[in-house]
Amino acid sequence: MENPDIIISILSAIILSLLIAVIVFVQQFHKSQESLKKLKDSFERLDEQAKLIVKTDLELNKAQEELDKRLNGLDALQKTSRRITTTLDEQEIFQRLDKSMIINFGFEKNLVFIHDKTGKLQPRLNLGFSDKDVLTIIAQIEKDTSIINTLKEGHTISSANAQHQRKEFLMRLLNSNYFVLAPILTKNGMIGIVFVGNSAYAETVTESDEEIVSILASQIGQATENARLFEEAFRASQILETKVHERTQQLASALEDVQNISKSKSEFISSVSHELRTPLTSIKGYASILMAGKLGEVPEEVRKRLEKINIHSDNLVQFINNLLDISRIESGRVEMNMTKCALAAIIENVHDLLTPQLKDKNIEWKTDIDPNIPDMLLDQHQAERIFINLISNAIKFTPPGGIIMVKAHANSQVVAVTVSDTGMGINEKDIPKLFDEFYRVDNEINQQVKGTGLGLALVKKIVEAHRGRIWVTSQLNKGSTFHFTLPIQ
Amino acid sequence: MSVHIGIGFSQDLNAEQAAREAAENAQNKLGFGRIDLAMVFSTTHYDPHTALSAIHNTIRCSKLIGCSTAGIILADSIQTRGIAVLAIASEEIKFGIGLAKIFDKTDLYQTGMEFAKNTLKNFGFQGRQVFLSFIDGKIPDHSPFLKGLQEILGNIFPIIGAGSSDDFYFEKTFQFYQDTASNNSAVGLILGGQMGIGVAGRHGWRPLGKPRIITESDQNIIKKIDGEKASFLYEDYFQGEADKLYSSLLSQITILYPLGIYVEGNKEYLLRNPVKVLKDGSIVCQGDIPPGAEIHIMIGNKDSCKQAAREAAQEAQKNLLGKKPKLIIIIESMTRLKLLGRTAFQEIAGVKEIFGDDVPMIGMYSHGEICPFESLEKFRKPLIQNESIVILAIS
């Protein structure tokens, strides 16, 4: 303490140092304050950004949830559709639309009502309600015409779109915080109602729920309508089937009558023909004896009459023979004597037989016979009768100078034969009856030349007895063509 | 070492039929005459008394526990309606079960202790490995109960827990114990003996926005955040949407954006779902809230959830020390089911990829989970979480 100056200097230095330290500290403090403020500002900016992120994220989450719900609904719809559209039984539609399927739509309660014939709603599906609850719900809904009318107009009613009072009423009635009611519509209007609902917090109803339930109701409506149409069609077909059966029985009975009559007719013809042929043979025999002069000289006038008796007797015998043949073929009493025959040879034989008549009328004879036609199994005598009848007819109706052509060609199964002429042709109206027994076309030639009307009927019977078919085509004044087939085997 | 496991499931709409079918399936798949333990999970579409009675009439099991759930996790699907039965028969694994009734004025801490003691008594003097409990999810604060359990079992003993749920109705949940289905109760299972376990839990949510401080709280109630009423946090972020906080128990907002509490030493934030917002703006949570803690609004998405599930599976697998698991039990928050929606099974498929397709798997969707969560400490302490997935692998 000897040198106060030194002490003062030291103290001054200390105070100065302290002063400097305070100044530095204050500067540092201000710096820290600024940094802290900057940090706070950064946090605030960060928080503002976070709020934006949260807002976007929340919207994304809502969109995602809605999308998930829609996808679930569509998936459930697709499964439901596949199940209910593959049946045409109304009862089965609702069996297939079982409760577990409804759960897939994300709802825990479900009711499906369908109008019965009296227009009253009947429960067809029930998930989550007692029978007593269901009856109460039906009664309340049917009583509220405004609800029914809204649904009839095709609108859905949901906890999202219903007015407050109606929403409260339905929430209480259906014991569901969230619900959708959709009409089941068909072309004929509303046939029922679908309800789905949830009381869980997790399942709120959105527009996509309404859409999905509406589509489900449409599917039920479509499936039910299809089932009902099918039911109607099925019933109609059953009635038709019964009628067809009755008519078939009537026709079978009529056919049996006709067959019996035909049989009686054949037997009658056969019997009469036999009875006629015996005295006819005697008549022809006695006429021949008289003509031969064995019983004395016969005057010329008598001879002429006896010759007429002889010719008419021959015609009558021919007629009776044809009748007998038809009758036998019809009744199956004629047994076909099938042997291997060459068709070309048969045609040539018949040509030889009829050559005089062809020459008489100066008719040109032409053939086009396939040389590759194999030998066929035929009753040669009957086959010759086919050609004799057809060619004789052609000669009869072909004017002098005309042409008759016979063609025969084979395919793998049958030989097709045609006999064509350049005659007067057949009127179209006569064609369907041409092969009927005793039918004779009313034309000039038939009026002049007598005939029995049995020739073509006999031809048809013989062709059919060979399992063939016969038909005719013709043009008036140009000619006719008779077609027939004979099986090769 | 032989462990027989059979899992049966039925979705029949009739409770009796569904329970019978599930039990029969479990017995058939077990392929063994005796059942030492049956674990039953049922959605709330079924009358629990009818279901339990049908199960007991179908199979003979010496011990049965289970609970109601918002959904059932199976190896090949996730079902939001149905009954599942897990049947186990083993000479090596030992089982002890217990029941605790919880009344309005019950001291949950005391009940938790009694519950642990009773379950241990049923288990006997054997090496215990893990405690599994199902507690009524409607009980507001699970923390004192957990503390009571830890008092007896030890602070770091692995406890896995689930709050039984009822698919967002928040009306009535059930706990199954032997032939009784009750609510306001907890059922527990101690597993031990010659077995290995791998336990892990994750949530996958990340903090969003600026950190805030819980300035006032009382057990499971957050009263003030940054000096403002607690609900202001949500009101500030969600404005118009925040009205819904008051109108529903667990709103969409709080499911998607839970609260995250930073806990020193934990790798993930501790998640809390606000289960209720009181008129004064206080937020009620399922577990205790430490005052002074840093709190955030949390954000997650489907990918972060799936990634968290994979990480939990990988950690549980790692804890098995190379042994192949014989059974996987999953406890997962029902809020994750809501968030994941149609993609929920993708999360489980990710878990299956870790353990293998052939490992039997069963799980339930819970309302609150208990699990030793990932922490920096060697010994992990079980905590109450929300929105998490907990995986128990047994080898």
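Taking the options B:ILE93, B:ILE88, name whichever one is closer than 13 Å to B:ILE7 by Cα and more than 19 Å from the chain's Cα centre (by Cα).
The unique qualifying residue is B:ILE88.
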Task: Options B:SER185, B:SER165; residue that is more than 14 Å from chain A (Cβ to nearest Cβ) and of a type in the set (S, T, N, Q) - done: B:SER185
Task: Condition check for A:ILE157: surrounded by 19 or more Cβ atoms within 10 Å (Cβ to Cβ), more than 22 Å from A:ALA223 (Cα to Cα), touching a helix residue (DSSP H, G or I) at 6+ places or on another chain (Cβ under 7 Å) and hydrophobic (A, V, I, L, M, F, W, C) - done: yes
Task: Those residues of region B:188-204 which are in contact with a Ser or Thr (Cβ under 7 Å, 6 or more places away or on another chain) and either within 14 Å of chain A (Cβ to nearest Cβ) or not in a strand (DSSP E or B) (or both), in sequence order - done: B:MET195, B:GLY196, B:HIS203, B:GLY204
Open item on the list: Looking at region A:90-101, can you tell me whether even one residue there is within 12 Å of chain B (Cβ to nearest Cβ), assigned to a helix (DSSP H, G or I), of a type in the set (A, V, I, L, M) and in contact with a Ser or Thr (Cβ under 6 Å, 6 or more places away or on another chain)?
Closed with: yes
- [ ] Please enumerate the residues belonging to region B:114-135 that are surrounded by fewer than 21 Cβ atoms within 10 Å (Cβ to Cβ), in a helix (DSSP H, G or I) and either touching a residue at least 40 places away in the same chain (Cβ under 8 Å) or not acidic (Asp, Glu) (or both).
- [x] B:LYS117, B:ASN118, B:LEU120, B:LYS121, B:ASN122
Task: Answer from A:ASP430, A:ASP421 - the residue that is over 30 Å from A:GLU335 (Cβ atoms), touching a strand residue (DSSP E or B) at 6+ places or on another chain (Cβ under 7 Å) and not hydroxyl-bearing (Ser, Thr, Tyr) - done: A:ASP421
- [ ] Tell me, please, whether a residue that is touching a residue at least 24 places away in the same chain (Cβ under 8 Å), crowded, with 19+ Cβ neighbours inside 10 Å, polar (S, T, N, Q) and closer than 27 Å to A:ASN315 by Cα can be found in region A:413-422.
- [x] yes
Task: Of all residues making up region B:136-161, the number that are under 20 Å from B:TYR365 (Cβ atoms), in a loop (DSSP other than H, G, I, E, B) and of a type in the set (A, V, I, L, M) - done: 1
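If I filter region A:438-460 for residues that are within 28 Å of A:GLN413 (Cβ to Cβ) and assigned to a loop (DSSP other than H, G, I, E, B), do I get at least one hit? Break it down into steps so the answer makes sense when it comes.
The initial filter retains those residues of region A:438-460 that are within 28 Å of A:GLN413 (Cβ to Cβ), namely A:455-460.
Narrowing further to those that are assigned to a loop (DSSP other than H, G, I, E, B): none.
Within region A:438-460, none of the residues are within 28 Å of A:GLN413 (Cβ to Cβ) and assigned to a loop (DSSP other than H, G, I, E, B).
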Task: Condition met for A:GLU44 (part of a helix (DSSP H, G or I) and either within 60 Å of the chain's Cα centre (by Cα) or more than 14 Å from every other protein chain (Cβ to nearest Cβ) (or both)) - done: no
Open item on the list: For region A:344-380, give me each residue that is aliphatic (A, V, I, L, M) and either surrounded by 15 or more Cβ atoms within 10 Å (Cβ to Cβ) or touching a residue at least 60 places away in the same chain (Cβ under 8 Å) (or both).
Closed with: A:ALA344, A:ILE346, A:ILE347, A:VAL350, A:LEU354, A:LEU358, A:ILE363, A:ILE369, A:ILE373, A:MET376, A:LEU377, A:LEU378
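Of the residues A:ILE184, A:ILE220, which single one is under 19 Å from A:ASN161 (Cβ atoms) and among the β-branched types (Val, Ile, Thr)?
Result of the check over A:ILE184, A:ILE220: A:ILE184.
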TODO: Show the residue pairs that are 6+ apart or on different chains and have beta-carbon atoms under 7 Å apart, the first residue being within region B:285-309 and more than 14 Å from every other protein chain (Cβ to nearest Cβ), the second being hydroxyl-bearing (Ser, Thr, Tyr) and in a loop (DSSP other than H, G, I, E, B).
DONE: B:ALA293/B:TYR262
Open item on the list: Need the failing condition index for B:ALA87 against (1) small (Gly, Ala, Ser); (2) touching a helix residue (DSSP H, G or I) at 6+ places or on another chain (Cβ under 7 Å); (3) more than 20 Å from B:VAL187 (Cα to Cα); (4) away from every other protein chain (no Cβ under 14 Å), just the number.
Closed with: (3)
- [ ] Within region A:109-129, work out how many residues are surrounded by fewer than 20 Cβ atoms within 10 Å (Cβ to Cβ), within 14 Å of chain B (Cβ to nearest Cβ) and part of a loop (DSSP other than H, G, I, E, B).
- [x] 1
TODO: Name the strands (runs of 3 or more DSSP E) wholly inside region B:217-284 in which the number of residues that are in contact with an Asp or Glu (Cβ under 6 Å, 6 or more places away or on another chain), under 22 Å from B:ASP303 (Cα atoms) and at pLDDT 80 or above is 1 or more.
DONE: B:270-272
TODO: Quick one: which residue in A:ILE193, A:ILE184, A:ILE215 is of a type in the set (A, V, I, L, M) and in contact with a Phe, Trp or Tyr (Cβ under 8 Å, 6 or more places away or on another chain)?
DONE: A:ILE193
TODO: Please find, within region B:14-39, the residue that is farthest from the other protein chains (Cβ to nearest Cβ) out of those that are surrounded by fewer than 17 Cβ atoms within 10 Å (Cβ to Cβ) and either under 25 Å from the mean Cα position of the chain (by Cα) or more than 14 Å from B:ILE59 (Cβ to Cβ) (or both).
DONE: B:GLN17
Open item on the list: Can you say whether A:ALA182 is exposed (fewer than 14 other Cβ atoms within 10 Å of the Cβ) and either touching a residue at least 60 places away in the same chain (Cβ under 8 Å) or not in a loop (DSSP other than H, G, I, E, B) (or both), as far as the supplied structure shows?
Closed with: no
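The values are calculated or read from the model by the stated rules, or taken from the named source; none is laboratory data. In this text, all values refer to a predicted model and were calculated from it rather than measured experimentally. Note that each Cβ is placed from the backbone with ideal geometry, even for glycine, and that neighbours are counted across all protein chains shown.
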